[in-house]
Amino acid sequence: RWINEHGGINGKELQLIVIDDGYKVPKGVAGYNRLVDSEKVKVIYIQSTGTTMTLAKKIVADGVATIAASFIGVFQDPAKFPYSFYMSPSYNDMARIALKWVRTTWSNKDRDAKLCYLYPDNTYGRAILETSNDYAKKIGVEIGPDQVINWPTKDATVQLTNMGRYDPDFAYITSTAMNGAVILKNAKAIGSRTKFISNIRNFEESLITLSGGAAEGTYGVHPIAPYGAPVPGMKKVVESHEKWHPGETGTNVYVEGWVNILSVSEALRLADKAGNLTPAGIRNAFETFRNFDTGGLAPPLTFTKTDHRASMAAKMYQVQNGTYMEIK
């Protein structure tokens, strides 16, 4: 809506078609086929990891420009997936950023910091394990027993109690806010001393409210500015949200949506201006991005022919007094 109110794509209206696959792969595949075969869309955004993995080879064969919210590292190689672009570091990169923070802030010289992973037993949940374990060994972070907490998460007390026997200093949660909130409430109820770090999909503002205050003091790693952050690009985001969604709480997921749309729109404009509004033209346009500025909503975005990760940067945050505060 904002793009169309401000000139569209060189005067052309940007049209959005939304299909909710409910994290069900067959629905996601059916939605993809409809968008490609019937709607003839120029760009597709895919949220689900399972759907993205299932469609990976087909996307290449079809030559469809895609923006993926599944930040699995294997998909970020343009030699294998030339039409896929990512507005974020990979899940693996962000986990390493969190592990590095653990290592650099750990002050006990008598032993290494201890950490456990909490995750659902699906492709998304398992995505970081191999690379993160390798990195933890290299930098000196001890990894304890994994705890599998599947969706929907109704109670994680058993897993948290099992984890407590290892007594980790930190636990890294790969989940969603709805499920992660249960984990944090259960952890608070049993008096866990572990410091929890949430990944990008767990660490969003609704985690604070859904957890009933149990998220207070916990940490998260995220490349997107929190909703309302004092950065230049946030003014239009907040004004639009208040106008179009009165009474609703803004989240960094909403801000992430703006980053996606602003970036896609710029690529569409460049491809259209070049007279090549095709997947190949859109790919070429993205690959000209050099420090594309979203006004601080995300780090400056750069794509090249050999790297389709927009950036390698993410920040560490802590929930303080019911809001996200950047920490060092």
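Taking each residue of region 209-237 that is free of Cβ contacts under 8 Å to residues at least 24 places away in the same chain and looking for partners that are among the small types (Gly, Ala, Ser) and open to solvent by less than 50 Å² (accessible area, probe 1.4 Å) with beta-carbon atoms closer than 9 Å, six or more apart or interchain, yields Gly228/Gly250; Pro230/Gly296; Lys235/Gly295.
Scan region 300-328 for residues that are in a loop (DSSP other than H, G, I, E, B) and either over 24 Å from Tyr172 (Cβ atoms) or hydroxyl-bearing (Ser, Thr, Tyr) (or both) and the total you get is 7. Residues of region 230-259 that are open to solvent by less than 20 Å² (accessible area, probe 1.4 Å) and either under 17 Å from Gly322 (Cα atoms) or in a helix (DSSP H, G or I) (or both): Met234, Val237, Ser240, His241, Gly250, Asn252, Val255, Glu256, Val259. Selection of region 138-155 for residues being in a helix (DSSP H, G or I) and either closer than 22 Å to Leu184 by Cβ or basic (Lys, Arg) (or both) yields only Lys138.
Give region 260-299 a look and list any residue that's part of a loop (DSSP other than H, G, I, E, B), open to solvent by 40 Å² or more (accessible area, probe 1.4 Å) and at pLDDT 95 or above, or say none. Result: Ala274, Gly275, Asn276, Thr288, Arg290, Asn291, Asp293. Of all the residues in region 40-76, those that are in contact (Cβ under 8 Å) with a residue 12 or more places away in the chain and within 12 Å of Asp307 (Cα to Cα) number 3.
The values are calculated or read from the model by the stated rules, or taken from the named source; none is laboratory data. Here the structure is a predicted model, which means the values were calculated and not measured. In this analysis, Cβ positions are derived from the backbone assuming ideal geometry, glycine residues included, and neighbour counts consider all displayed protein chains. Keep in mind that these areas ignore ligands, DNA and RNA; they rest on the heavy atoms of the full protein, side chains included. Shrake-Rupley method; radii C 1.70, N 1.55, O 1.52, S 1.80 Å.
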